[in-house]
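Asks: The structure under discussion is supplied below as structure tokens; questions concerning it will follow.
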Amino acid sequence: MVPLLERRVTMVQESSEASFLVIQRTNFVERMTIRFLKQPSVRKIKLDKFGAYAIKQMEFQRNVNQISEAMSEHFGEEAEPALPRLMKFLEILEVHDWIIWDDEEEK
């Protein structure tokens, strides 16, 4: 399975060390709070270097195993255990509906 960012989610790199997920607030309740309570129209979630690297790998439409291997190669021993760490990160993104899964067998 290939994890892909939802349409309303993008990654922004503001500096060499600061990367953020920017999530558009689009459902009805959020739009009302934006309009009447003057809340921001986007949410910004700061990523650590492992999360930012994983998101960059998702942009190349790589599957979970390929992303895990790339993290191990790039960060070496620092990323270990890479696969469980990546799975927990993807689980958090999935719970919040910030990623969708693409079946790579269809391609």
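FYI, it's all coordinate maths here, none of it is from the lab. None of the values given here were measured: they were computed from a predicted structure. For neighbour counting, all protein chains shown are included, and Cβ atoms are generated from backbone atoms with ideal geometry for every residue, glycine included.
Asks: For segment 16-70, what mean projected area does the convex hull of the alpha carbons give, in nm²?
Replies: Result: a mean projected hull area of 5.1 nm².
Asks: Would you count, across the chain, every pair of lysines whose alpha carbons are under 27 angstrom apart, provided the pair is eight or more residues apart or spans two chains?
Replies: Close lysine pairs found across the chain: 9.
Asks: Along each principal axis of its Cα atoms, how long is the chain end to end? Whole angstroms, biggest number first, please.
Replies: Each principal axis gives a Cα extent; for the chain these are 48, 36, 20 Å.
Asks: Quickly work out the residue 59-to-residue 102 label distance, labels modelled 7 Å from Cα along the C-beta direction, and quote it in nm with one decimal.
Replies: Rounded to a tenth, the inter-label distance reads 1.4 nm.
Asks: Find the Rg to Rh ratio for segment 48-107, where Rh is the Kirkwood radius over alpha-carbon pairs and Rg uses the same atoms.
Replies: 0.96
Asks: While we're looking at this one, here's another question. If each residue of separation counts as 0.36 nm, what is the full-extension length gain between residue 18 and residue 66 once their alpha-carbon separation is subtracted?
Replies: Here the answer is 14.9 nm.
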